[in-house]
Amino acid sequence: MTQEPPVVTQTFVRFEQQHIMPIPENERTGTNWSLFAIWVGLNMMPLTVVTGAVASGAYGLPIGWSIVAILAGNVIGAFGSALHASQGPHLGIPQMLQARAQFGYLGASLFALIAFVMFMGFFASILIVAKDALAAVFPDFNGTVAILAFAAIGIVLCVFGYDLLRKTMVWLSIVIAVAVTVSMIMFWTKPEVTSQRAEAAFTYEGFFAMLAIGIVWQLAYAPYVSDYSRYLPKATGPKTAFWSTYLGLVVSSVFVMTLGVLLGAANPENPLAALGDFLGPVGMVVLIIFAVSSALINGVELYSAVMNALTVMQSNFKTVITSGTRVWTTIVCGVLATLIAILGQGDFMTMFESFLTLLLYVLIPWSAINLADYFIVQKGHYVVADLFDPTGGRYGKWNAVGLSSYGIGLLAQVPFMITPLFTGPLAEPLQGIDIAWLVGFAVTAAVYLLLVRRRAQRRTLEQDSASASESRTASESHTGSA
């Protein structure tokens, strides 16, 4: 009598079980297309449009120079994020948890906390811009109610985890790409939008400021690209993770920010409103699509905020991470970010520009250390089990080399910084061109590699000294016995 094969139950959505733990090979359901779609879809939102509008609206750059600055910034910044993404298939762990290898089991908590604040800020920012997009269509709709509704959608998606987020982003990337393409074509046919504004002019300050915004826009993805590329099968390899991430980030960002440039030129004060003003019913439909899609996209931001919150909790409070822990952390973080959005509905653009600038300064040194350690020092060879060892394992609880390199990298940026509260003494001689990020990256990487080399030399000398001492002891013992 033959036995019937077991029936395998297939579910449309798999509830996430691994959380911050390494993803087993049999649960790695990601593909190069799904990873590409995640980053394409994530940029297809009104926040990206508003960011692109800064070039022509806030900085007053001509349309052509605005697009050049955006293209250059995104091409440069995405290279760093894609290098981080290439680590995911190999290690199978969230991006910022890997910082334990460079900063120690407890030291990495500082950077997980920084990333947590960043993702919470993006979640709140996206809620505000989504609300603004809806308000452009329905002016009388209560903004707070819109924020609460959009936040609830993002929280529910995040509760289910990676699988639902991945499938949602695949479909969203297609729908929104069509909406943006139609908008772009229609705008380019309107001379009142594409014709040069009288007050628009090229300035080095505006060009390099927008270049820096493009870079930080892409580097802001660096702390969580491996959160998604870790679901690629190990055999897929780092090159696939790199190019799927790089092309997805650059193509979508430049495309949507270019739409923002046109909207900023048409209406510097309220770029999103230009969609309805110039495109009529089509623009209204696009605004609604933007608003709803932002609520869905926002689950990705909250997911990474939760990954970092769980990393901090496990490191400092020895919390056992379960499904219940992740769900409750998701709800608490979502509610907190929603409150931030409700309270921050005022002068959003000013706050957002300051937020992006500060992000660049704090992320650059971490990125330099992570990339230098992974590709030059360790060459990808890490003991993942030690990253979860509360004693720190071979990586220790606090890594003085990583932490001191980060501190030096931050300080190196100070003389060149340009922020609303502080401008470095060397920024004015450079005509307000922000090169702090470039100085910070170069100095941090150089200092880290130098300190790692010195530590290795010191350990070699100590080992040689210990070996010599043992040899002398053995020799004296032999002579004495003779």
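The values are calculated or read from the model by the stated rules, or taken from the named source; none is laboratory data. Just so it is clear, the model here is predicted, and its values are computed rather than measured. In this analysis, Cβ positions are derived from the backbone assuming ideal geometry, glycine residues included, and neighbour counts consider all displayed protein chains. SASA here: full protein model, heavy atoms, side chains in, ligands and nucleic acids out. Shrake-Rupley method; radii C 1.70, N 1.55, O 1.52, S 1.80 Å.
Figures for the structure shown
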read-out: Acute angle (nearest 10 degrees) that the helix 162-188 long axis makes with the longest principal axis of the chain, alpha-carbon atoms; value: 40 degrees
read-out: About the Cα centre, charge dipole magnitude for the chain (Lys/Arg +1, Asp/Glu -1 at Cβ), debye; value: 1040 debye
read-out: Nearest-ten-degree value, helix 32-43 long axis tilted from longest Cα axis of the chain; value: 50 degrees
read-out: C-alpha long axis of helix 63-85 to longest principal axis of the chain, angle in °; value: 30 degrees
read-out: Accessible area expressed per residue, the chain, with surrounding protein chains retained (probe 1.4 Å, Å²); value: 42 Å²
read-out: Debye, to nearest 20: dipole size of region 223-371, +1 on Lys, Arg Cβ, -1 on Asp, Glu Cβ; value: 780 debye
read-out: Cα Rg, Dmax (largest Cα-Cα span) when computed across region 95-219, Å; value: 19.9, 57
read-out: Square roots of five times the Cα gyration tensor eigenvalues for region 261-310, Å; value: 30, 13, 6
read-out: Within-15-Å neighbourhood charge of Asp140 [Cβ basis; K, R +1; D, E -1]; value: 0
read-out: Of Ala200, Pro238, Val178, farthest towards positive along the dipole that unit charges on Lys, Arg, Asp, Glu beta carbons give region 164-249; value: Pro238
read-out: Region 263-299-region 207-240 distance, computed between alpha-carbon centres (Å); value: 26 Å
read-out: Gained length - Phe422 relative to Ser404, 0.36 nm times residue gap less alpha-carbon distance; value: 4.1 nm
read-out: Length-normalised contact order of the chain in % [C-alpha pairs under 8 Å, at least 6 apart]; value: 29 percent
read-out: Convex hull projection area averaged over all views, region 8-151, Cα basis, nm²; value: 12.9 nm²
read-out: Relative contact order [Cα under 8 Å, 6+ residues apart], region 205-337, whole percent; value: 13 percent
read-out: Inter-part distance where region 47-64 and region 379-418 are each reduced to a Cα centre, Å; value: 36 Å
read-out: Lysine pairs within the chain, Cα separation less than 22 Å, 8 or more sequence positions apart or different chains; value: 5
read-out: Region 314-449 - Rg and Dmax from Cα coordinates, angstrom; value: 19.1, 55
read-out: Distance between region 134-179 and region 80-112 - C-alpha centres, whole angstrom; value: 28 Å
read-out: Relative packing of peptides 287-296, 57-66 - highest average C-beta neighbours within 10 Å first; value: 287-296, 57-66
